[in-house]
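Laboratory data are not the source of any read-out in this text; all were calculated from the coordinates shown. Please read all numbers here as calculations on a predicted model, not as lab measurements. Please note: Cβ atoms are built from the backbone with ideal geometry, for glycine as well, and neighbour counts cover all protein chains shown.
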Amino acid sequence: MSETATDTNRPTSDAPRPSRHFIQQAIDADIASGRWGAVGDSTVVRTRFPPEPNGFLHIGHAKAVCISFGLAEEYGGVCNLRFDDTNPTKEEQRYVDAIVEDIRWLGYRWPGCEGDARDAGVLYASDYFETMLDYARDLIDKGLAYVDDQTPEEIRAGRGDLKKPGTPSPFRDRTPEENRSLFDGMVSGGVADGERVLRAKIDMASGNINLRDPVMYRVLNTPHHRAGSKWHVYPMYDWAHGIEDSIEGVTHSLCSLEFEDHRPLYNWFIDAINRDRAEPIHHPQQIEFARLNPAYVIMSKRNLRQLVEEGHVEGWDDPRMPTLSGVRRRGYTPESIRRFCTEVGVTKFNAVHDVALLENQVRADLNKRAPRRMCVTDPLKVTITNWGEHGDADRVEMMHAVNNPEDESAGTREVPFSGTLYIERDDFMEDAPKKFFRLRPGGEVRLRYGYWISCHDVVKDTDGHIVELLCTYDPQTKGGDSPPPDAEGKVRKVKGTLHWVSAAHAVRCTVRVFDRLYREPAPGKATGNHLDDMNPDALHMIEGALLEPNWSTEGQTAWPDGIERVQFERKGYYCVDANSTPDRLVWNQTVTLKDSWSKQTQKG
């Protein structure tokens, strides 16, 4: 069952119901009234997710995906995946492929997707172009649509504004016969781009500007990514949207709030087609909800495309991007995104969402599932001077380390411990304040799963930089355990526990640490240009990090998407980058162990 629904059981008239959001309540009422059919019939709830293949999906789309697919699952219905491929100038097959992959990754399926092909069962607006043309010709014959020869600029100016009614086109009163002939000429390919359009004849004085004779078709002599050069006219989104839903028998057409003012137009189109029609076509019900609006993130495909095309990021799947492919490459899990979409809720009120809510869901998920590993990102050498006091300076001891304290079944692994180690540079301070509980000269700390060590000398280079710590270890503290009491019964204690790697066994790797892509919660609000608010420190590359040798989690954790995720102890959660190779191991920071950003913004 989807985690989008607050109640995973189909409601009955007698059972007490928990709090349900307004879309669930609307569907409950439809089922109770028998509006769409009998309970148990998959057509009682048929939704759809209709992306445009002109870019990659982002986390804002994830909410719409979870709502449409999740509600269909909850009520035992179906959700179609349908591409609104009506604008060939911006659409590409690679966007189709990426969107299909994203929805599969989120864990959702659609009718027919069980086929061998990755896109089996996927529907397209272009599949219905012939039917749309038939309906358009029907409206022309009814005197409800006309061909307009005005330029796009003249049409835009003639629509007026909220204070001024529109001006009728000088071509508005053409006869149906003339309009039919002109439209057929557009369809056949004898008209230049932008020379003519087909408009609905509704009301140029309507208070809803969407009803002021909207354009239904424009001429585009541009090849389509699926249909090739077959088409010379393409339907506008508002004309195609409701017809697609009608053809597919969609019962609940779920849209974000910006389409609320378009609903009267969609209804008008269906009603106009059904006027004097012997067999009326299906009339879907549209319901709008507030879209996801996270702070410090942009949701505009145009702006996201700009980031990619101008080289501000590596690509659509750059881990700093809010795209689903980007957060997947960064190590986010589909479960955490679905839970986040549940947490923000389904309302009709636009609000800004704290992106920390998503990060917290990722932390909670990975804390339970991610194996632990030790990685030193800024290495400082530690030599244990008494390691060879019994004549075996090269010996290596294997320490038993817990894979995941949250999951006993994850077991343990063996980590090599030797006389030369590396710790984090900031885990040592020469002139340490009183409350510095890590390593200092004369101080003692616990090495996790290893031994307790004490620093007795500091080695510096000619410039005065610390290059090595000389320490001793206590053989009675193996595994990090406390030593036995002394002769007087006193127990020695330490407060600091450090992670480490053995110098001779460490695996060299690159670690990529990410910050937010923008410095401001509403990018571009102050200047009108989102690029002005980009964070120059959104990516920090750490070359030469050192990782324990048994870093692979193969066989310990099942990640269906094949992404290897771990917790670097005391650091955060990381995953192996998609472009990582055996010769150059690259780790992406998924999220820190704690929400440090909110503390920084509060201080700021």
Just rank F129, F49, F349, F436, fewest to most, by other beta-carbon atoms within 10 angstrom.
F349, F436, F129, F49
Listed residue pairs exceeding 28 Å between alpha carbons, taken from K434/K594; K368/K434; K163/K525
K368/K434
Taking a straight Cα-to-Cα line shorter than 14 Å from K164, and setting aside same-chain aspartates and glutamates fewer than 8 residues away, one finds D203
Within the range 517-598, which trypsin sites (Lys or Arg not before Pro) sit in a loop by DSSP and count at most 14 neighbouring Cβ atoms inside 10 Å?
K525, K594
Placing +1 on the Cβ of each Lys and Arg and -1 on the Cβ of each Asp and Glu in the chain, which of V362, P111, Q476 has its Cα farthest towards the positive end of the resulting dipole?
Q476
Note the full-extension length gain between M429 and K348 as 0.36 nm times their separation in residues minus their Cα-Cα distance, in nm to one decimal.
23.8 nm
Quick one: net charge around M204, please, counting Lys, Arg +1 and Asp, Glu -1 for every other residue with C-beta under 14 Å from its C-beta.
+1
Sequence neighbours fewer than 8 away in the same chain don't count; with that in mind, list the lysines whose C-alpha is under 18 Å from K90.
K230, K301
Scoring only Lys, Arg, Asp and Glu (+1, +1, -1, -1) among other residues with Cβ under 10 Å from the Cβ of I287 yields 0
Considering only the chain, percent of DSSP beta bridges that pair antiparallel, nearest 5
70 percent
How many angstrom lie between the C-alpha centres of the range 297-370 and the range 552-595?
17 Å
Relative contact order for the chain: what percent, with Cα pairs under 8 Å and sequence separation of 6 or more?
11 percent
The chain, helix-only ellipticity at 222 nm - DSSP H runs n ≥ 4, -39,500 (n - 2.57), divided by all residues, nearest 500:
-7500 deg cm²/dmol
Taking the beta-carbon count within 10 Å as an exposure proxy, list D84, D276, D271 from fewest neighbours to most.
D276, D271, D84
What pairs in K381/K571; K201/K348; K435/K571 have C-alpha atoms more than 25 Å from each other?
K201/K348
Cα-Cα pairs in the range 375-499 separated by more than 19 Å, as a whole percent of all pairs, come to 52 percent
Could you derive backbone 3J(HN,Hα) for the range 100-116 from the dihedral phi with the Karplus parameters 6.51, -1.76 and 1.60 (θ = phi - 60°), listing whole Hz in sequence and x where the residue is Gly or Pro?
4, 5, 4, 5, 4, 4, 5, x, 9, 9, 9, x, x, 6, 6, x, 5
Please list 3J(HN,Hα) in residue order for the range 167-174, calculated via the Karplus relation 6.51 cos²θ - 1.76 cosθ + 1.60 where θ = phi - 60°; whole Hz, with x for glycine and proline.
10, x, 5, x, 9, 5, 9, 4
Neighbourhood net charge (10 Å Cβ-Cβ; Lys/Arg +1, Asp/Glu -1) for I23
0
What ranking do 526-537, 57-68 get when scored by the average of other Cβ atoms within 10 Å per residue, highest first?
57-68, 526-537
Label selected from (1) 215; (2) 254; (3) 182, the criterion being volume of the Cα convex hull per residue in Å³ as computed here:
(1)
Could you go through the range 522-532 in sequence order and give the Karplus-derived ³J(HN,Hα) for each residue, using 6.51 cos²θ - 1.76 cosθ + 1.60 with θ = phi - 60°, rounded to whole Hz, and x for Gly and Pro?
10, x, x, 5, 6, 10, x, 10, 4, 5, 5
